[in-house]
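These notes concern the structure reproduced below.
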Amino acid sequence: MPELQKPSEEFLNSLKELLGSTGWREGDDARYLEEPRGNFRGQAALIVLPANVEEVSEIVKRCSTARVGIIPYGGGTGLVSGQLSLENDHSIILSLERMNKIRNVDVKNDSMLVEAGCILADIQSAALDENRLFPLSLASEGSCRIGGNLATNAGGIQVIRYGNARDLCLGIEAVLPDGSIYHGLTPLRKDNTGYDLRHMMIGSEGTLGIITAASLKLFPNPQNTATAFCAIPSPSHAISLLKFCREEMGETISAFELMCAQGMKVLANHFPQEQDPFKGEYNWFTLIEIAGPSGIEEKFETMLMSAFENGFLLDSVIASSSAQSQALWRLRELMAEANKLEGAICSSDTSVPKSQVDQFIEETDAALLALHPGLRVNKYGHMGDGNLHFNVFPPEGIGKAQFLSTYPTIQKDVRLVIDKQTHQMNGSISGEHGIGRLKRNELQRYSDPAKLAVMKSIKAALDPHGIMNPGAVFSD
Ligand SMILES: Cc1cc2nc3c(=O)[nH]c(=O)nc-3n(C[C@H](O)[C@H](O)[C@H](O)COP(=O)(O)OP(=O)(O)OC[C@H]3O[C@@H](n4cnc5c(N)ncnc54)[C@H](O)[C@@H]3O)c2cc1C
């Protein structure tokens, strides 16, 4: 990678002058240097907050000339430290938070135009105000921003029906590493005019440029929804239940999540006000949501009854109000915070073919217990997409710090076990969170060599000075 410079005081002052007093913060502003799991702290020379695409372009041009690194920053909810410089304080963080206008909701074209700094939940509500659905939905939706969602190709709970961020984006505006502006905002559904720069920028984690605005796809807002929390005998029953649901309910399944008893235990430890509907009686659960035309709730109930008769599920609770549905969803959405409070030493983002989720769970569990028989594992995730999060905790009664000091290599060993198992099953080490700085070595180890070589060529062609998010994605 080319050598980058630590920016001089003079250079930083020139950026401050360009942006005015509301357009920057000192580099030690803690809000931009922390990450959700509290494991790492970043550094920065300066935080810049441009107000429009022209300012973004000017900042990038100046950084390119001065060979200064830029880290694009959305809501800071990324889980792989793509938004943090862990190496040094030489880069500037560029936050899109002031570029947060919803420019339009175009009902006739089923699309909307938003700036990159819009919070995901605000985009969802603006669409709902026009009786349309923007279906990207994640537990961090109150803080993450659409630029970050696109840069990470975020997944979430409704991928099973609507796809991930990539599938929901019609076009983008972006500033490229030389400061030029790519004007790709379009509501077109079909446009085969050469390479699609939109798809190159989506999922590139800020290494190829800065997404400044996006044209998003909208859907009809289904009028009726129903949520059920089901107890199932095992993960293989979840696979059968999903198949059965698909056959009976078709495309109306909006979410199909898997959870386990260890997760419910961890949740009860830290959020005792949230109730396990089955009072600890069962080991495995699915949280299912359907949405569609009127009459869909009755069809769902009938389907669950036949699933019970067929032995796919042991018990189920159907929410009878939106408050109950929210209470069921909280069980799933609080899981990330509960894992952190419990002291997870590793959190995976594994994706495997969904037909092999049960085999993956069984074999990985066994391999982890062989590594250390006391490890506790909370296995949960977007089962409908084959995307699981394995959260591994120290044995009961032993704190994280104590465990890590007794077994200094355990974190690395646990990750290796999960990654190896994933690779053996032709899975992915990053189902939805990306590579960032935490999985660079794993990308190098497990990626297809031809793919990695093309990625490096694209990076070198677009960003020859290596200023865009230096240290992210690539390990050399
Ligand atoms: C509780 C919780 C639950 C989560 N659940 C999910 C989930 O279900 N599915 C999922 O996919 N993720 C999930 N995440 C991870 C995270 O929310 C997503 O990765 C999200 O898309 C990140 O958006 P952000 O705006 O916070 O981006 P940031 O964290 O600010 O940045 C993430 C990456 O994108 C780059 N970036 C940010 N903005 C831009 C831009 N405008 N242009 C170019 N690059 C940019 C950054 O440099 C960085 O590399 C969860 C996180 C938390 C804390």
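Each row is one residue, and each column tells you yes or no for (1) within 30 Å of residue 85 (Cα to Cα); (2) part of a strand (DSSP E or B); (3) touching a residue at least 12 places away in the same chain (Cβ under 8 Å); (4) within 16 Å of the ligand (Cβ to nearest atom).
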position: 208; (1), (2), (3), (4): yes, no, yes, yes
position: 212; (1), (2), (3), (4): yes, yes, yes, yes
position: 236; (1), (2), (3), (4): no, no, yes, no
position: 262; (1), (2), (3), (4): no, no, yes, no
position: 269; (1), (2), (3), (4): no, no, yes, no
position: 275; (1), (2), (3), (4): no, no, yes, no
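Considering only residues of the range 48-72 that are part of a strand (DSSP E or B) and touching a residue at least 60 places away in the same chain (Cβ under 8 Å), which is most open to solvent (accessible area, probe 1.4 Å)?
So the residue we want is 72.
Just give me the residues in the range 292-348 being in a helix (DSSP H, G or I) and aromatic (Phe, Trp, Tyr), in sequence order.
300, 308, 329 - these are the residues of the range 292-348 that are in a helix (DSSP H, G or I) and aromatic (Phe, Trp, Tyr).
Going through the range 214-234 one residue at a time, which ones are open to solvent by less than 30 Å² (accessible area, probe 1.4 Å), part of a strand (DSSP E or B) and under 20 Å from residue 164 (Cβ atoms)?
Listed by number, the residues that qualify are 214, 215, 216.
Residue-wise test of (1) over 30 Å from residue 229 (Cα atoms); (2) open to solvent by less than 50 Å² (accessible area, probe 1.4 Å).
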position	(1), (2)
384	no, yes
392	no, yes
404	yes, yes
440	yes, no
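Name the single residue that is least open to solvent (accessible area, probe 1.4 Å) among those in the range 452-476 being away from the ligand (no atom under 16 Å from the Cβ) and free of Cβ contacts under 8 Å to residues at least 60 places away in the same chain.
452
Among the residues of the range 428-451, what is the count of those that are more than 10 Å from the ligand (Cβ to nearest atom), touching a His at 6+ places or on another chain (Cβ under 9 Å) and part of a loop (DSSP other than H, G, I, E, B)?
Summing the residues that are more than 10 Å from the ligand (Cβ to nearest atom), touching a His at 6+ places or on another chain (Cβ under 9 Å) and part of a loop (DSSP other than H, G, I, E, B) in the range 428-451 gives 2.
Please state which of the following conditions residue 244 fails to meet, knowing it meets all the rest: (1) within 16 Å of the ligand (Cβ to nearest atom); (2) more than 26 Å from the chain's Cα centre (by Cα); (3) of a type in the set (Phe, Trp, Tyr).
It fails just one condition, (1).
Got at least one residue in the range 369-376 being under 25 Å from residue 237 (Cα atoms), outside the structural domain of residue 141 (by TED's automatic domain parsing) and touching a residue at least 60 places away in the same chain (Cβ under 8 Å)?
The answer is yes, given that some residue of the range 369-376 is under 25 Å from residue 237 (Cα atoms), outside the structural domain of residue 141 (by TED's automatic domain parsing) and touching a residue at least 60 places away in the same chain (Cβ under 8 Å).
Output the residue which, of all residues in the range 123-145 that are part of a loop (DSSP other than H, G, I, E, B) and charged (D, E, K, R), is farthest from the ligand (Cβ to nearest atom).
130
Table: residues versus (1) assigned by TED's automatic domain parsing to the domain that holds residue 398; (2) open to solvent by less than 60 Å² (accessible area, probe 1.4 Å); (3) more than 19 Å from residue 160 (Cβ to Cβ); (4) at pLDDT 95 or above.
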residue: 304; (1), (2), (3), (4): no, yes, no, yes
residue: 309; (1), (2), (3), (4): no, no, yes, yes
residue: 313; (1), (2), (3), (4): no, yes, no, yes
residue: 321; (1), (2), (3), (4): no, yes, yes, no
residue: 327; (1), (2), (3), (4): no, yes, yes, yes
residue: 351; (1), (2), (3), (4): yes, yes, no, yes
residue: 359; (1), (2), (3), (4): yes, no, yes, yes
residue: 362; (1), (2), (3), (4): yes, no, yes, yes
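Give 183, 199 a once-over and let me know the one that is part of a strand (DSSP E or B) and open to solvent by 10 Å² or more (accessible area, probe 1.4 Å).
Only one candidate qualifies: 183.
Residues are listed down the side, and each one gets a yes or a no for (1) assigned to a helix (DSSP H, G or I); (2) more than 9 Å from the ligand (Cβ to nearest atom); (3) among the aliphatic types (A, V, I, L, M):
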site	(1), (2), (3)
117	no, no, no
121	yes, yes, yes
147	yes, no, no
154	no, no, yes
171	no, yes, no
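Taking residue 134 and the conditions (1) touching an Asp or Glu at 6+ places or on another chain (Cβ under 6 Å); (2) open to solvent by less than 20 Å² (accessible area, probe 1.4 Å), which numbered condition does it fall short on, given that it satisfies the others?
Among (1) touching an Asp or Glu at 6+ places or on another chain (Cβ under 6 Å); (2) open to solvent by less than 20 Å² (accessible area, probe 1.4 Å), residue 134 violates only (1).
What pairs can you find where one residue is in the range 148-168 and open to solvent by 10 Å² or more (accessible area, probe 1.4 Å) and modelled with pLDDT of 95 or more, the other is more than 7 Å from the ligand (Cβ to nearest atom) and among the basic types (Lys, Arg), and their Cβ atoms are less than 7 Å apart, with a gap of 6+ or different chains?
153/166
Out of the residues in the range 57-111 that are of a type in the set (A, V, I, L, M, F, W, C), out of contact with any Leu (no Cβ under 8 Å at 6 or more places or on another chain) and over 25 Å from residue 216 (Cβ atoms), state the one that is farthest from the ligand (Cβ to nearest atom).
By that ranking, first place goes to 66.
Is it the case that some residue within the range 249-271 is over 25 Å from the mean Cα position of the chain (by Cα) and of a type in the set (D, E, K, R)?
no
The values are calculated or read from the model by the stated rules, or taken from the named source; none is laboratory data. Everything numeric in this text was worked out from a predicted model, so none of it was measured. Here Cβ is always computed from backbone atoms with ideal geometry, including for glycine, and neighbour counts include all displayed protein chains. Surface accessibility is based on the protein's heavy atoms, side chains included, excluding ligands, DNA and RNA. Shrake-Rupley method; radii C 1.70, N 1.55, O 1.52, S 1.80 Å.
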